[in-house]
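To keep things clear, I will list the structure first and then write my remarks on it.
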Amino acid sequence: MASTDSAAKAVDTSDVQSGLEGVIAFATEIAEPDRAGGALRYRGVDIEDLVGVVPFEQVWGLLVDGKFTPGLPPAEPHPLSVRSGDPRVDVQSALAMLAPEWGFEQLIDISDEEARDNLARSSVMALSFVAQSARGAGHPPIPQAEIDLASSIPERFLIRWRGEANPDHVKAIDAYWISAAEHGMNASTFTARVVTSTGSDLVSAVVAAIGALKGPLHGGAPGPVLDMLDAVAATGDAETWLLGELAAGRRIMGMGHRVYRVRDPRAAVLELAVQPLASPRLALARDVERAAAKILRERKPDRPLAANVEFYTAVLLDAVGLAREQFTPTFAVGRVAGWSAHVIEQRRTGRLIRPQSRYVGERPAA
Ligand code: COA
């Protein structure tokens with residue numbers, strides 16, 4: 001019997017696109033990350049023209065419906081019934097349970113309008129679940145009447161979480177969710193489209209996408225970025241600490257991007273959004289970013305590696321007062337906007353996603 005090694009050597013794998021880098025699998029009208037120019041546009045509108053001008057709930061509308069209004073409605077009263085100890089699992093489980101509870105049918109059986117309305121109800125429910133999770137099981141829920149006094153979705157989130165909403169925090173969360181709402185093709189959005197393409201229900205697409213967002217290479221880096229800032233603060237020497245990480249074979253969290261060859265435009269938007277919050281970590285974060293960019297430039301002169309969205313996400317969410325374990329769920333529920341838009345687009349224009357693999361294992365002896 002041939003060994004796996006020798007079988008692998010015999011097979012030409014030059015057509016295997018590991019990581020699918022450079023593979024264009026969809027035509028999309030939703031978002032355009034500008035690789036070289038360092039810009040991100042939603043349906044042609046630069047995010048820098050949206051942040052502080054159009055509220056997140058209307059940016060949801062722009063992404064999903066192609067127009068600002070009616071946008072995202074307020075969440076229906078619904079308790080978070082799952083408390084697993086992992087807030088990511090809580091939001092996944094609670095969302096998965098909505099499909100049978102609310103009688104969502106498979107995407108293949110419903111109209112575009114029904115799919116869109118179900119997505120709106122679930123998207124905003126996801127935000128409510130994260131707020132309830134952040135509040136913690138031991139604290140009584142905030143009365144609905146108090147939440148209903150809020151005039152925006154980020155304000156509702158903050159009140160549901162801790163009973164009050166500092167206006168600077170409302171603005172910061174609004175800027176954050178707008179920046180995080182959509183980013184063209186990536187691991188989690190691809191996952192949402194794969195599930196949609198099978199005709200499954202839309203909540204399953206969102207739940208699967210959250211699963212793809214847990215890893216540190218996509219979505220899970222803000223917590224480790226904060227750990228890095230703590231570690232650098234403890235040593236007082238960013239350069240030595242960063243060099244130690246690289247020498248140990250580890251990557252610098254919050255640096256580098258598959259698409260951008262310049263600084264991620266969302267890093268600039270978020271850095272700006274943190275400023276009014278008077279974060280004690282902002283100055284340190286800037287120093288660490290500068291040191292990391294310099295070291296990476298020297299090590300990899302041919303591969304620009306600059307700050308990505310998750311670098312200042314960490315500083316912003318920390319300044320607002322969220323615990324580290326809530327960072328990824330908070331990212332995810334902002335990104336539900338983009339996933340929702342892709343679910344609709346995939347339904348309208350897509351085909352069952354079914355790539356191929358090249359077998360390189362053992363074969364029967366000739
Ligand atoms: N720190 C150190 N080196 C890095 C790096 C980082 N943050 N990001 C990339 N590199 C290096 C890789 O080690 C690789 O070096 P090699 O060619 O010597 O092996 C080279 O740059 C190219 O990396 P590659 O893995 O091809 O990049 P990618 O496009 O797959 O990676 C990320 C993109 C985001 C996954 C990557 O930059 C990364 O891991 N960043 C840190 C985690 C992070 O911030 N995630 C959030 C992403 S929004």
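The values are calculated or read from the model by the stated rules, or taken from the named source; none is laboratory data. This is a predicted model, so every value here is computed, not measured. Ideal geometry is used to build each Cβ from the backbone, glycine not excepted, and the neighbour counts take in all protein chains shown. Areas reflect the complete protein model, heavy atoms only, side chains present, ligands, DNA and RNA absent. Shrake-Rupley method; radii C 1.70, N 1.55, O 1.52, S 1.80 Å.
In segment 213-234, the residues that are within 8 Å of the ligand (Cβ to nearest atom) reach residues that are open to solvent by 10 Å² or more (accessible area, probe 1.4 Å) and hydroxyl-bearing (S, T, Y) with C-beta atoms within less than 8 angstrom, at least six apart or across chains, in these pairs: G219/T328; G220/T328. D117 falls short on exactly one of the conditions (1) touching a residue at least 12 places away in the same chain (Cβ under 8 Å); (2) open to solvent by 30 Å² or more (accessible area, probe 1.4 Å), and that condition is (1). Within the option set E182, E155, being in a helix (DSSP H, G or I) and modelled with pLDDT of 95 or more holds for one residue only, E155. In segment 265-304, the residue that is farthest from H218 (Cα to Cα) out of those that are open to solvent by less than 30 Å² (accessible area, probe 1.4 Å), out of contact with any His (no Cβ under 9 Å at 6 or more places or on another chain) and away from the ligand (no atom under 16 Å from the Cβ) is S279. Within the span defined as segment 194-205, every residue fails to be open to solvent by less than 10 Å² (accessible area, probe 1.4 Å), away from the ligand (no atom under 13 Å from the Cβ) and under 10 Å from the mean Cα position of the chain (by Cα).
If I filter segment 214-237 down to residues being open to solvent by less than 20 Å² (accessible area, probe 1.4 Å) and in a helix (DSSP H, G or I), which single residue comes out as farthest from F311 (Cα to Cα)?
Of segment 214-237, the ones open to solvent by less than 20 Å² (accessible area, probe 1.4 Å) are 219-223, 225-226, 228-229, 232.
Remaining after also requiring in a helix (DSSP H, G or I): 222-223, 225-226, 228-229, 232.
On the way: P222: 6, G223: 10, V225: 6, L226: 9, M228: 10, L229: 10, V232: 14 Å.
Restricting to residues being open to solvent by less than 20 Å² (accessible area, probe 1.4 Å) and in a helix (DSSP H, G or I), the top hit is V232.
Would a scan of segment 253-264 turn up a residue that is hydroxyl-bearing (S, T, Y) and either more than 16 Å from the ligand (Cβ to nearest atom) or over 20 Å from the mean Cα position of the chain (by Cα) (or both)? Checking segment 253-264: not a single residue is hydroxyl-bearing (S, T, Y) and either more than 16 Å from the ligand (Cβ to nearest atom) or over 20 Å from the mean Cα position of the chain (by Cα) (or both). Output yes when any residue across segment 127-138 is among the aliphatic types (A, V, I, L, M), open to solvent by 20 Å² or more (accessible area, probe 1.4 Å) and not in a helix (DSSP H, G or I), and no when none is. So far as segment 127-138 goes, yes, one or more of its residues are among the aliphatic types (A, V, I, L, M), open to solvent by 20 Å² or more (accessible area, probe 1.4 Å) and not in a helix (DSSP H, G or I). Note on segment 335-362: residues that are in contact with a Ser or Thr (Cβ under 8 Å, 6 or more places away or on another chain) and buried (at least 24 other Cβ atoms within 10 Å of the Cβ) amount to 8. When restricted to residues that are free of Cβ contacts under 8 Å to residues at least 12 places away in the same chain and exposed (fewer than 14 other Cβ atoms within 10 Å of the Cβ), segment 240-264 contains 6.
Is there a residue in segment 45-58 that is at pLDDT 90 or above, surrounded by 10 or more Cβ atoms within 10 Å (Cβ to Cβ), more than 18 Å from D174 (Cβ to Cβ) and not aliphatic (A, V, I, L, M)?
Filtering segment 45-58 down to residues at pLDDT 90 or above leaves 45-58.
Next, from what is left, pick out any that are surrounded by 10 or more Cβ atoms within 10 Å (Cβ to Cβ): 45-58.
Still in the running and more than 18 Å from D174 (Cβ to Cβ): none.
No, segment 45-58 has no match at all.
The residues listed here are R88, R83; of these, the one that is in a loop (DSSP other than H, G, I, E, B), of a type in the set (K, R) and either more than 27 Å from V124 (Cα to Cα) or open to solvent by 20 Å² or more (accessible area, probe 1.4 Å) (or both) is R83. State whether one or more residues within segment 98-105 are farther than 21 Å from A172 by Cβ and touching a Phe, Trp or Tyr at 6+ places or on another chain (Cβ under 8 Å). Yes: one or more hits. On the stretch given as segment 22-39, residues that are assigned to a loop (DSSP other than H, G, I, E, B), within 16 Å of the ligand (Cβ to nearest atom) and open to solvent by less than 90 Å² (accessible area, probe 1.4 Å) total 4.
A319 meets all of the listed conditions (1) more than 25 Å from L119 (Cβ to Cβ); (2) open to solvent by less than 10 Å² (accessible area, probe 1.4 Å) but one, namely (2).
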